[in-house]
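**Student:** I'd like to ask some things about the structure below.
The values are calculated or read from the model by the stated rules, or taken from the named source; none is laboratory data. Treat the numbers as computed from the prediction; the structure is a model and nothing was measured. Positions of Cβ are backbone-derived with ideal geometry, glycine not excepted, and every protein chain shown enters the neighbour counts. Surface accessibility is based on the protein's heavy atoms, side chains included, excluding ligands, DNA and RNA. Shrake-Rupley method; radii C 1.70, N 1.55, O 1.52, S 1.80 Å.
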Amino acid sequence: NAGVMQNPRHLVRRRGQEARLRCSPMKGHSHVYWYRQLPEEGLKFMVYLQKENIIDESGMPKERFSAEFPKEGPSILRIQQVVRGDSAAYFCASSPKTGGLNYGYTFGSGTRLTVV
Amino acid sequence: DQQVKQNSPSLSVQEGRISILNCDYTNSMFDYFLWYKKYPAEGPTFLISISSIKDKNEDGRFTVFLNKSAKHLSLHIVPSQPGDSAVYFCAASAETSGSRLTFGEGTQLTVNP
């Protein structure tokens, strides 16, 4: 997992604050995926991005959540006005331009968000 | 709607024996299946995958079996080792949904020395 870097590893926010989660994909990877794991559940797809483009955001909540993957810099998952139900582990994965699924693409170690 | 289900939340086996983890799916559009292993406080690690055109794929101690008619797949680990103790997730993808994965809830495997 060392190739996909996520920070911070742990993030504590009070209700109503904003949370920013960062993901730097593996070198040479231009596709980024965000997943969320609620306690006692499996990972749920949120959004799929390529550089400067959102390809599939069908798993993103309609409000308060946004994601970007700028030309320069990491991908950012932003949660505005956090609520307790946002407490979860957020995982980022990256893949090369093609054939990502054939290698199961690579996950980062996750950011554990706790809303108090 | 849970399209990928792992009905056993936990499994305990003795070292050296076979571990069999099961997974069922409902979406007939799924055509690619993967197994991931996850340790606490880490991200999932890819283990093995299988395409729907196959019914078996083997990689060292790990073998995945796919039964399309039953919409069922299983992961066999032989022989099991204490280091295999982790949560195992089954995941599936459909060509129509690109690289998006649908995960099961996971099975905690414990291999006892």
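**Student:** If you wrap the stretch B:8-113's Cα atoms in a convex hull and average its projection over all directions, what's the area in nm²? Display every interim value, and only then the final one.
**Tutor:** Numbers: hull surface 25.8 nm².
In nm², the orientation-averaged hull projection of the stretch B:8-113 is 6.5.
**Student:** Quote to one decimal, in nm, the extra length available between residue B:29 and residue B:108 on full extension: 0.36 nm per residue of separation minus the C-alpha distance between them.
**Tutor:** That pair, residue B:29 and residue B:108, stretches by 25.7 nm at full extension.
**Student:** Additional query: What base-10 log of the normalised intensity I(q)/I(0) is obtained for the stretch B:55-113 from the Debye formula, alpha carbons as equal point scatterers, at q = 0.21 Å⁻¹?
**Tutor:** -0.99
**Student:** In vacuo Debye scattering of chain A, one point per C-alpha: log10 I(q)/I(0) at q = 0.10, 0.13, 0.18 Å⁻¹?
**Tutor:** Scattering profile of chain A, log10 relative to I(0): -0.26, -0.44, -0.86.
**Student:** How well do other chains shield peptide A:32-38, expressed as the mean number of their Cβ atoms within 10 Å of each residue Cβ?
**Tutor:** If you average over the peptide's residues, the count of other-chain Cβ atoms is 2.
**Student:** Another question, then. Would you work out the relative contact order for the stretch B:25-92, in percent, from Cα pairs under 8 angstrom that are 6 or more residues apart? Mind showing how you got there, number by number?
**Tutor:** Details: 113 pairs, mean separation 24.0, N = 68.
It comes to 35 percent, rounded to a whole number.
**Student:** Restricting things to alpha carbons, tell me how big the protein assembly as shown is in terms of Rg and Dmax, in Å.
**Tutor:** 17.5, 51
**Student:** Between residue B:10 and residue A:52, what is the FRET efficiency for a Förster distance of 41 Å, r being their Cβ-Cβ separation, to the nearest 0.05?
**Tutor:** Values: r = 43 Å, r/R0 = 1.05.
Efficiency, rounded to the nearest 0.05: 0.40.
**Student:** Mind checking B:75-87 for the average number of partner chain beta-carbons within 10 Å of each residue's beta-carbon?
**Tutor:** 0
**Student:** List, in order, the whole-Hz ³J(HN,Hα) value for each residue of the stretch A:27-35 obtained from phi through the Karplus relation with A = 6.51, B = -1.76, C = 1.60 and θ = phi - 60°; use x for Gly and Pro.
**Tutor:** For the stretch A:27-35, the Karplus curve yields 4, x, 8, 10, 10, 10, 10, 10, 10 Hz.
**Student:** Arranged from highest to lowest average of other beta-carbon atoms within 10 Å per residue, in what order do the peptides A:64-75, A:20-31 appear?
**Tutor:** Per-residue Cβ counts within 10 Å, averaged per peptide and sorted highest first, yield A:20-31, A:64-75.
**Student:** Could you report the protein assembly as shown's accessible area per residue, 1.4 Å probe, as an integer in Å²?
**Tutor:** 49 Å²
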